1. Can you divide the C-alpha Rg of the range 100-217 by 2.2 N^0.38 Å and report the result to two decimal places?
2. What residues have an amide H closer than 5 Å to that of L208, excluding those fewer than 5 places away on the same chain, when H is modeled at 1.01 Å from N in the peptide plane?
3. Kindly list the residues of the range 105-123 that lie in the label zone of D190, defined by a backbone N under 15 Å from the point 7 Å along the Cα-to-C-beta vector.
4. Compute the relative contact order of the range 121-217 as a whole-number percentage, counting only Cα pairs closer than 8 Å that sit 6 or more residues apart in sequence.
5. Leaving out ligands, DNA and RNA, what percent of the accessible area of the range 61-139 is carbon and sulfur, probe 1.4 Å?
6. Please calculate how many Å² of accessible area the chain carries per residue, with a 1.4 Å probe and no DNA, RNA or ligand atoms counted.
7. Once you have the alpha carbon radius of gyration of the chain, what is it after dividing by 2.2 N^0.38 Å, with N set to its residue count?
8. Beyond 21 Å, what share of the Cα-Cα pairs of the range 135-200 remains, rounded to the nearest whole percent?
Amino acid sequence: MNDTVGQQIGAPRRTRADGERTRSAILRAAASLATVDGLEGLSIGHLAAAIGMSKSGLYAHFGSKQELQLATVQEAGRIFAGEVVQPALAAPAGLAQLAAVCEAFFEHLQRRTFPGGCFFAGAALEMGTRPGPVKESVAAFQAGFVDLLRGFAATAIAQHELPAGEDPDRLAFELNGIILAADANFVLHDNPAVLDLARQVAHHRLGLGSDGNPGSR
């Protein structure tokens, strides 16, 4: 192929790739900002000032505040999936996945992926009383995460790793509660000891020893 033609063909692809990287970087900054100022505090003008970009440049990526909010929720979900969900899915099915998803979440907080803690914990409280597409997107993510916990629990019960009388819905609810409490207290007190306590509580609920291995109930 002629080099000039190849460059002409390759240029739009590089431009699109650069655009996607720029958009991803903008949205990661938006997600970080939202954990401190809230999704409602996230506007194109505010974000532009925070990242040193022109408002017109941001408008090229997002036509409205709601479009920016929805894209930010989607990006936060992608980050959460990579940091919390994927490590859990990589663990052996059942009880190990329940332990892995809790540990991955606590590590996600400890790394301070976002300055304001878990994006979705904050967004759920903020958007819960605000009907509309942004609330629906956050609610769908939260429901999906609880469904994931429920599925792990059901597998653990089927594999006799948990008592036969265990209720997967109740266990998923309790583990999600531990996760949310860990987030709230870690953000409030900025103390890693909170996460150590949360690990102990999660391990105890799952019948695991302090090292995360099966222990006495």
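The values are calculated or read from the model by the stated rules, or taken from the named source; none is laboratory data. Here the structure is a predicted model, which is why all the values come from computation and not from measurement. Glycine gets a Cβ as well: all are built from the backbone with ideal geometry, and neighbour counts include every protein chain shown. Only protein heavy atoms, including side chains, enter the accessible area calculation; ligands, DNA and RNA are left aside. Shrake-Rupley method; radii C 1.70, N 1.55, O 1.52, S 1.80 Å.
1. On the way: Rg = 15.1 Å, N = 118, 2.2 N^0.38 = 13.5 Å.
Normalised Rg, Cα atoms only: 1.12.
2. Under 5 Å from the amide H of L208 lie the amide H atoms of G215, each far enough along the sequence or on another chain.
3. Correct set: 110-117.
4. Once divided by the residue count of the range 121-217, the mean separation gives 16 percent.
5. On the way: 1830 of 3240 Å².
Of all accessible area on the range 61-139, carbon and sulfur atoms account for 56 percent.
6. Numbers: 11160 Å² over 217 residues.
Computed with neighbouring chains in place, this is 51 Å² per residue.
7. Numbers: Rg = 20.6 Å, N = 217, 2.2 N^0.38 = 17.0 Å.
Scaled against compact globular proteins, the figure is 1.21.
8. 39
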